[in-house]
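Engineer: Below you will find the structure I want to go over with you.
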């Protein structure tokens, strides 16, 4: 599921839905593929958390930094709108996706492979064939409570999203938190294995979160939900009370 977030602030931010100079740049997208086998699909929360960690893993990878082989594509992607598309694969589809350059991140059971950004109209054939819409998953049991000493991506309790859409939003939230951290804080998060949780906030808590100054994602409304909808807040301990 594709998504383009927006947050208050810089009028030229990649996370705004309003027209911007970023729209004039070549547009790229970050592909993510979630493995969904018919007999053993992952739990929804596990998939969301794994997608968020996959985005962070790519951003921190040496191939995406400096003169790395993916660095130019990542820079081009971040200079324009920040788009992510989640597709699903199983069986032979998954094996073909794994053969392409990228990183597979595994959660409790979920597997998500993230690839370097590609042009909007330049998807590799193996990925272009994969399904986007209808990616949905369930949690067999309610997810456990969260440890607030670790980052939490909080979801809006009033917005309904497919699993694919929610995975993209969780990735947006994780990326916003990453951008806000210092180099030292990024290193600590990476060395810890990018611990995080994705949970749905209660209505009162959500109101507090959106007024807290923490990174907030507003969706551009290309799919599923209305433009400007607040979808997630990235609650990283290092960003509280700044």
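Engineer: Cβ contacts < 9 Å: first residue free of Cβ contacts under 8 Å to residues at least 40 places away in the same chain, restricted to the stretch 89-103; second residue part of a helix (DSSP H, G or I) and surrounded by fewer than 19 Cβ atoms within 10 Å (Cβ to Cβ), any location; separation 6+ or different chain. Result?
Structural biologist: As it stands, the answer is 93/126; 96/126; 99/126; 100/126; 101/63, since those pairs meet every condition given.
Engineer: Could you tell me whether the stretch 71-79 includes any residue that is crowded, with 23+ Cβ neighbours inside 10 Å, modelled with pLDDT under 95 and part of a loop (DSSP other than H, G, I, E, B)?
Structural biologist: no
Engineer: Further, regarding this structure: Return yes or no: is residue 66 closer than 27 Å to residue 189 by Cβ, modelled with pLDDT of 95 or more and either crowded, with 20+ Cβ neighbours inside 10 Å or touching a helix residue (DSSP H, G or I) at 6+ places or on another chain (Cβ under 8 Å) (or both)?
Structural biologist: Considered against the rule, which asks whether it is closer than 27 Å to residue 189 by Cβ, modelled with pLDDT of 95 or more and either crowded, with 20+ Cβ neighbours inside 10 Å or touching a helix residue (DSSP H, G or I) at 6+ places or on another chain (Cβ under 8 Å) (or both), residue 66 comes out as no.
Engineer: If you go through the stretch 47-68 one residue at a time, how many are more than 15 Å from residue 193 (Cα to Cα) and touching a residue at least 40 places away in the same chain (Cβ under 8 Å)?
Structural biologist: The qualifying residues number 4.
Engineer: Do the conditions hold for residue 175, that is, is it part of a helix (DSSP H, G or I), out of contact with any strand residue (DSSP E or B) (no Cβ under 7 Å at 6 or more places or on another chain) and surrounded by 14 or more Cβ atoms within 10 Å (Cβ to Cβ)?
Structural biologist: So residue 175 fits the description; yes.
Engineer: Could we say that residue 37 is more than 18 Å from the chain's Cα centre (by Cα), surrounded by fewer than 14 Cβ atoms within 10 Å (Cβ to Cβ) and under 27 Å from residue 190 (Cα atoms) here?
Structural biologist: No, not satisfied.
The values are calculated or read from the model by the stated rules, or taken from the named source; none is laboratory data. Remember, predicted model here, so these are calculated numbers, not experimental data. Cβ atoms come from the backbone with ideal geometry, glycine included; neighbour counts cover every protein chain shown.
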